[in-house]
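Written out below as structure tokens is the structure these notes cover.
Each reported figure results from applying straightforward, stated rules to the coordinates on display, with no laboratory input. Owing to the predicted nature of the structure, the values given are computational and were not obtained by experimental measurement. When we count neighbours, we look across all protein chains shown, and the Cβ atoms used for this are built from the backbone with ideal geometry, even at glycine.
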Amino acid sequence: MFTNHVISALVDKTELEHLALITYISPIIRIRNSTTLGFCAYRWLKTRDQHSDTETAVKLFANSQVDRLDALQLGDIVLLTNMHVQQVILDAGRNTITFLESSIYTDICANEEVTQLPLTRVKQFIAWFDDLPDNFLDIPLPHYNDFVPQCPNTYVWSVVHHQPALRTPPFQFADLDRELDELHPLERRFVIVRARVEVHLPKEKHTAWHCTAQLLAPSGPEHHVARLQLPVITWHDSVKSTTEMSAERCRQMALTMLGVDATTNDVIVGPVLCGLELRGLAEKRREVVITHVWQRGPLDMDLDL
Amino acid sequence: MKSESHVTVSDLVPKRVDLSEHDTVLEYLDCRPMLGPRASYFGLVTQDTVQGSLWLRGPELRRSLNELTELFVSRNDRYATLAEIAALWHKSRATKSLLNVILVARVMARSAVINFATPSQYGVRWPVRCTLKISDSTSSASVVIWSSSVPKYWASLAAGDTILLRDVKLKQSYDDPNDFELAVNPHSPGGVINIIEGPAVSLFHLPDLPMRLIGSNKLRY
């Protein structure tokens, strides 16, 4: 057990290596980089090692190793070099989150590249790994998230790329509240729920690439405020998310995404399958973003439609 | 395989990425930036990181020390340490091309490829750079690899490699004006990097790659 003082000493520019087993892996998240006006890709990992029973949160940027970042999977052994310890202060200093973040010099090594290293500490880790019970990771069976088609390179449907490693269990609308309460302030979770979607289409020129919406329970009064994320073109230079677009264009994109045709400004569809990105924000605020809408699921037998 | 006596300096320079052959173009279709026969297409707004087969494997840079030594002795190249180069910098603080000077050091870290494309660099085919942190038995320094040298060297180099640098440029560091950096340029002068392999590497007494492994117990209150 270490004190705050020791943690504080680590939170500096000291570069460290992290050798661990991946126990959770998020989809790849693309964010705008405020300094370069470009995009950068990262994903969250949770890792375990032989030193304690707690998981370590790791924020891993692509660092010109996009192919390696893509290939990481649950249960992989990774060695991440040149990592930094980061702390985020929450709730006016009452709570802090400590996690590891990659630097521009971070190298991502996985599996055989790591196990072949002739280092004593690597051998100790492998010995611990070999002694783990078979059901340690308890990986669920492939879920229909795996069948979501990959976005082409030039387009993304949202900031989330759907990766085969993402395995979200089937989700009930009633569980959404609990899931939102459990959200970490920096966390993004992707879930699929069956719900009705009410979208308010804009009447005038629109600057945001989303529409206000409500997520309604398939049968019942429960609802959540959400927003419908419209497909954003990220490759073409002339289109930015801040570009103003006409109400008509916004309407067309939203209706295409919902898979319906309508002439009114308030559209209700469903029950349909909605791909949701649950975003944890500061000050315990939460955000629900509808990134996908499916009239029928890829695996109909699971969906009870 | 060429015999040692037939090796020339030009053989040490990796061949440029040649996209004139149709097959070669096909090989790099998955790359970002997109490559064409005369240009690479870096987005000026969407500065995505590099991706694809071009950045997964690089040209062969490995040479034995005997092979390199024989070549450089015949050219009257001079061996210098990083401490000597630092002293040279602090003496004059002037940009110098270190022609016929060779350095042997260990790569301690390799940065990601950084895209510096802006509208003013519109005509630059490879508006990219990457940085190596190197150390020898005397000191440490940063080596910045510029533009078209990056696709030649980035994928082939890794932390822990022992490298031989030749014809680099000594200049003021971009990050720290009081410090210096070594630049590997595609020309004026064209810097060359080779990886030295074999047991003879131990002759240089280079520092080991530090492993400061942090366990999960150190991140827990």
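Worth a mention:
- Derived scalar couplings between HN and Hα for the stretch B:132-140 equal 10, 9, 10, 9, 10, 5, 9, 6, 10 Hz in order, rounded to whole Hz, by the Karplus curve 6.51 cos²θ - 1.76 cosθ + 1.60 (θ = phi - 60°), x for Gly and Pro.
- Links that overshoot a 21 Å alpha carbon limit, given the list A:Lys59/B:Lys133; A:Lys59/A:Lys123; B:Lys133/B:Lys169: A:Lys59/B:Lys133; A:Lys59/A:Lys123
- Karplus-based coupling profile of the stretch A:16-26, in residue order and whole Hz: 10, 9, 10, 10, 7, 9, 7, 10, 8, 9, 8, with θ = phi - 60° in 6.51 cos²θ - 1.76 cosθ + 1.60 and x standing for Gly or Pro.
- Test item: A:120-133 mean partner chain Cβ contacts at 10 Å: 1
- Separation of the A:Asp130 and B:Lys91 label points, Cα + 7 Å toward Cβ, nm: 5.6 nm
- Residues B:Ser140, A:Ser102, ranked from the fewest to the most other C-beta atoms within 10 Å, line up as B:Ser140, A:Ser102.
- Three-way shape label, the stretch B:111-221, alpha-carbon gyration tensor, a/c 1.5: oblate
- FRET efficiency estimate (nearest 0.05) - Cβ-Cβ, B:Asn178 to A:Asp181, R0 45 angstrom: 0.30
- Proximity of backbone amide H atoms, modeled 1.01 Å from N, is registered between B:Ser139 and B:Leu82, B:Ala83 at under 5 Å, excluding neighbours fewer than 5 places apart on the same chain.
- Karplus-based coupling profile of the stretch B:144-155, in residue order and whole Hz: 9, 9, 10, 6, 6, 6, 5, x, 6, 10, 4, 6, with θ = phi - 60° in 6.51 cos²θ - 1.76 cosθ + 1.60 and x standing for Gly or Pro.
- Across peptide A:175-183, the average count of Cβ atoms from other chains found within 10 Å of a residue's Cβ is 0.
- The fewest-to-most ranking of B:Arg212, B:Arg63 by surrounding Cβ atoms within 10 Å reads B:Arg212, B:Arg63.
- Neighbouring Cβ atoms from other chains, within 10 Å of the Cβ of residues in B:107-113, number 6 on average.
- Neighbour counts of C-beta atoms inside 10 Å place B:Thr138, B:Thr69 in the sequence B:Thr138, B:Thr69, starting with the fewest.
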